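The values are calculated or read from the model by the stated rules, or taken from the named source; none is laboratory data. Quick caveat: nothing in here was measured; it's all calculated off a predicted structure. When we count neighbours, we look across all protein chains shown, and the Cβ atoms used for this are built from the backbone with ideal geometry, even at glycine.
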Amino acid sequence: MTAEPPNDSPAADPDVRELAQIPAVEVITRASVMLMSAAAEKLGLASDGEQYLDLDEARRLIDAYAGLLSAAQADLGVHRQPLREGLKSLQAAFREASRYPDSPGQGPGEKSGC
């Protein structure tokens, strides 16, 4: 007779079990894509993006994305370069959208070393 975990335990949650089976690089990549997408929305890059333009929020998202890339770059393998290019594109879009662009090296994510 085997004991079954109670319904409220993490082992009973199929999402938790699924996460345990995903390689770390894929989790990091998925998180990166989510941060990139959210930043692009806040930069007004979507087709109806002007209504969502929020540079303060975009800066936070780009900073978080750059920090994640910086922390994980040694483990990203073939994903490293495309993710870094995505960061550079977001930084350029942020600079273009800013009424008063930051000094070089002071923009979002530029201090993280990516």
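In segment 43-57, the residue that is farthest from residue 98 (Cα to Cα) out of those that are without any contact (Cβ under 8 Å) to a residue 12 or more places away in the chain and surrounded by 10 or more Cβ atoms within 10 Å (Cβ to Cβ) is 46. Checked against the criteria, residue 66 counts as within 13 Å of the chain's Cα centre (by Cα) and under 15 Å from residue 111 (Cα atoms).
All but one of (1) out of contact with any Ser or Thr (no Cβ under 9 Å at 6 or more places or on another chain); (2) at pLDDT 75 or above hold for residue 79; state the number of the condition that does not hold. So residue 79 meets the others, but not (1).
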